[in-house]
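Accompanying notes for the structure given below.
Read the figures in this text as sums done on the coordinates, not as results from a lab. These figures come from a predicted structure and were not determined experimentally. Positions of Cβ are backbone-derived with ideal geometry, glycine not excepted, and every protein chain shown enters the neighbour counts.
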Amino acid sequence: MSMFCYQCQETSKGTGCTIAGVCGKTAEVSDIQDLLLFVTKGIAVYNDLLRKEGKASKEADKFVVDALFISITNANFDFEAIKAKVKEGLSLKNKLASQLNTTQNLPDACTWNGDESEFMTKAKEVGVLHTKNEDIRSLKELIHYGIKGMAAYAEHAYNLDKTDDQIFSFMQHALAEITREDITIDELIPLALETGRYGVQVMALLDAANTGRFGNPEITEVNIGAGKNPGILISGHDLRDIEELLQQTEGTGVDVYTHSEMLPAHYYPQLKKYKHLVGNYGGAWWQQKEDFEAFNGPILFTTNCIVPPSRNASYLGKIFTTGAAGLDGARHIAERKPGQQKDFSEIIEMAKNSQPPRQIESGTIVGGFAHAQVMALADKVVDAVKSGAIRKFFVMAGCDGRMKSRSYYTDFAKALPNDTVIMTAGCAKYRYNKLPLGDIGGIPRVLDAGQCNDSYSLAVIALKLKEVFGLDDINQLPIAFNIAWYEQKAVIVLLALLHLGVKNIHLGPTLPGFLSPNVAKVLVDNFGIGGISTVDKDIEMFLAS
Ligand code: FSO
Ligand code: SF4
């Protein structure tokens, strides 16, 4: 075995990538990520203790968030950049150690201080399989992945100057807890549920950060064709990055197109006002090789999901990364200095010398149904439910991926009866957002709330509908949850929904490989979590319940 990783839905054979990642991660990158997470746990333990002494470090808060985000699926493939982060972590760890008054039994994650020549040997000792008991390992990793998702959302909020000390504190406390060798299953289960509570909190924080700066998403038709000017394609999830890119490209003759999870940028008043934000180009993240070949201009990744390009890809020299994203061979745009913007001039210059994008499709898609917009239509929605025009809502949020079995979601959307409405968020929507599914009395049958974190909006809508209908329990609403997952942000979304009391969530296309049979049983018995079967059987089951 040259590596071990089982954090995403596409993990090899559903059990673990052991030679190289299905995602394109090499064993070397996987190992250095393991080491980074080990050092990060040491920092979390120290900062958790320092917090008790009233001396928590803000530098550590930020480091933990960055390091976790870097190790999310498809975010960073740059070995040297991750190694540099390990070194930065080691020196921060020593700084924190020197500030701590209490000395107690500290774990290896705190005390290990190897030099660069020892990095790869140590990395082999500290990965996921270090925990031998499969149930403990499963629960620890469930919490760990939830916290990674939380870190992604905390980072986006941070970039918009919104932070929450309770979230930093919980992340570090939870990391410290899962570093314990003596932690029991009875301690880990409530910690997993508490992770969901902070999942709701971080999504609320990011929602407030996004809407506070860019306004509430509103119904918007987004062009999916190509224009005549050269363009920059921006991917990932960071709205501060796209705002600065739009400001810096204004008046340059270069258009900006969104890709994959950046599509919802079009729904925000303070972003859609830029006339040169002309459309969304291509499909979900996993189709990027074909889409990028056709785009012609430079591509900026603000986060995941990156698919490492092959050596002969025509767009090889045109990829830029920023923030937590990284790719060897791509140019990385440095962090913004205090009071300044990131400098995107190199990308803009490259775009000016590029051909315009090749048109690969035409038409428009509609979105912008986040909580404020749906609530503005509440009377219409409630009437449609009361009159029976809408029989059921299907929350089909989450992620897309390359597995063939994900065609289930397209078939499911097509087979749903005409009196049902899909509520979506995240890149899962690309499986059905270009289908002609029509509307019910002016309410589109696919309501896109936004990015994966905007699953929060779907939960807010459900809670408001519960109030409107005077119900005691969210599960009495005519809403079914058929969620597609791929990476760790979907894990925090799932834990958040469980925290809100949502039961009987179906998860596909496969259940997580990191759930041991016993941990899966806990989720099934207590929350009614289920998988998927065939489209017909599932629709029948959902409509009957
Ligand atoms: Fe998708 Fe990738 Fe947004 Fe994820 S582009 S898969 S859950 O990063 O975060 O939905
Ligand atoms: Fe495998 Fe997923 Fe880990 Fe990549 S992120 S190595 S595909 S489990």
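Show the residues, 5+ positions off or on another chain, whose built amide H is closer than 5 Å to the amide H of F394.
Result for F394 returns V421, I422, M423, A480.
Write down the Å³ per residue value for the convex hull defined by the alpha carbon atoms of the stretch 279-320. Please report the intermediate quantities before stating the final value.
Numbers: hull volume 3.2 nm³, N = 42.
Convex hull volume per residue, Cα atoms: 77 Å³.
Tell me the net charge near T40. Cut-off is 10 Å between Cβ atoms, T40 excluded, with +1 for each Lys or Arg and -1 for each Asp or Glu. Each step should come with its number before you reach the end.
Numbers: positive: K41, K85, K93; negative: D66.
The answer is +2.
Hey, what did the stretch 371-544 get for relative contact order, percent, Cα under 8 Å, at least 6 apart? Mind showing how you got there, number by number?
Details: 252 pairs, mean separation 41.1, N = 174.
That works out to 24 percent.
Calculate, in nm to one decimal, what S117 and N526 gain on full extension: separation in residues at 0.36 nm each, minus their alpha carbon distance.
Numbers: separation 409, 0.36 × 409 = 147.24 nm, distance 4.72 nm.
Gain on stretching S117 to N526: 142.5 nm.
Which of the trypsin sites (Lys or Arg not before Pro) found in the stretch 20-56 are in a DSSP loop and have at most 13 neighbouring Cβ atoms, other than their own, within 10 Å?
Sites meeting the loop and neighbour criteria: K55.
Over the Cα atoms of the chain, what Rg and Dmax result, in angstrom?
Answer for the chain, Rg first and Dmax second: 22.6, 70 Å.
Around P217, with a cut-off of 11 angstrom between Cβ atoms, what is the net charge of the other residues, counting Lys and Arg +1 and Asp and Glu -1? Let's see the in-between values first.
Working: positive: K272; negative: D207, E218, D448, D454.
Taking every other residue near P217 into account, the sum is -3.
Quote to one decimal, in nm, the extra length available between E80 and N133 on full extension: 0.36 nm per residue of separation minus the C-alpha distance between them.
Numbers: separation 53, 0.36 × 53 = 19.08 nm, distance 3.26 nm.
Taking 0.36 nm per residue and subtracting the Cα distance, the gain is 15.8 nm.
In angstroms, what radius of gyration and Dmax does the stretch 398-530 have, counting Cα atoms only?
When restricted to Cα atoms, the stretch 398-530 yields Rg and Dmax of 14.9, 46 Å.
What is the stretch 220-352 by shape, rounded, prolate or oblate, if you read a ≥ b ≥ c off the alpha carbon gyration tensor as root eigenvalues and call it rounded for a/c under 1.5, prolate for a/b larger than b/c, and oblate otherwise? Write down the numbers at each step before the final one.
Details: a/c = 1.41, a/b = 1.11, b/c = 1.27.
Here the stretch 220-352 falls in the rounded category.
For the stretch 167-233, which GluC sites (Glu not before Pro) are in a loop by DSSP, counting at most 11 other Cβ atoms within 10 Å?
Numbers: sites: E177, E181, E187, E194, E218, E221; in loops: E181, E218.
Filter output for the stretch 167-233: E181.
Compute the Cα gyration tensor for the stretch 12-213, then decide on rounded, prolate or oblate, letting a ≥ b ≥ c be the square roots of its eigenvalues: rounded whenever a/c is under 1.5, prolate when a/b is larger than b/c in the other cases, and oblate in all that remain.
Values: a/c = 1.27, a/b = 1.12, b/c = 1.13.
Rounded, since a/c falls under 1.5.
Averaging sequence separations of C-alpha pairs under 8 Å and six or more residues apart, then dividing by the length of the chain, give the relative contact order as a whole percent.
Working: 1049 pairs, mean separation 93.1, N = 545.
Taking the mean separation of contacting Cα pairs over the length of the chain, I get 17 percent.
Students often get this wrong, so check it: of K380/K466; K62/K342; K132/K503; K52/K132; K25/K85; K386/K537, which have C-alpha atoms separated by over 20 Å?
K132/K503; K52/K132; K386/K537
Calculate the translational D of the stretch 299-381 in whole µm² s⁻¹ from Stokes-Einstein, where the hydrodynamic radius comes from the Kirkwood formula applied to all Cα pairs, the temperature is 10 °C and the viscosity 1.306 mPa s.
Numbers: Rh = 16.3 Å.
In µm²/s, the coefficient rounds to 97.
Please state the charge dipole magnitude for the stretch 2-144, taken about the Cα centre, from unit charges on C-beta atoms (+1 on K and R, -1 on D and E), reported in debye and rounded to the nearest 20. Walk me through the numbers before you get to the answer.
Values: 18 positive and 20 negative charges, 75 e Å.
Once rounded to the nearest 20, the dipole reads 360 debye.
Quick one: net charge of T131's neighbours, Cβ under 15 Å, K/R +1, D/E -1? Working shown, then result.
Numbers: positive: K41, K124, K132, R137, K140, R180; negative: D34, D108, E125, E134, D135, E141, E177, E181, D182, E187.
Its environment carries a net charge of -4.
Short version: ³J(HN,Hα) in whole Hz for each residue of the stretch 516-531, in order, from phi by Karplus 6.51 cos²θ - 1.76 cosθ + 1.60 (θ = phi - 60°), x for Gly and Pro, what are they?
6, x, 5, 5, 4, 5, 4, 5, 5, 5, 8, 10, x, 4, x, x
Work out, step by step, the length gained on full extension between I443 and D161: first 0.36 nm times the residue separation, then minus their alpha carbon distance; give nm to one decimal.
Working: separation 282, 0.36 × 282 = 101.52 nm, distance 3.51 nm.
Value of the extension gain: 98.0 nm.
Go through the stretch 393-398 residue by residue and turn each phi into a ³J(HN,Hα) via Karplus (6.51, -1.76, 1.60, θ = phi - 60°); whole Hz please, and just put x for glycine and proline.
9, 10, 7, 10, 6, x
Could you list, in their original order, any pairs among K95/K122; K55/K83; K58/K521 whose Cα atoms are separated by more than 32 Å? Let's see the in-between values first.
Details: K95/K122 21 Å; K55/K83 28 Å; K58/K521 39 Å.
Correct reply: K58/K521.
Below 8 Å, C-alpha to C-alpha, sequence gap of six or more: please give me the relative contact order for the stretch 12-213 in percent.
The value is 28 percent.
If the cut-off is a Cα-Cα distance under 17 Å, which lysines reach K429, setting aside same-chain residues fewer than 8 apart in sequence?
K404, K414, K489
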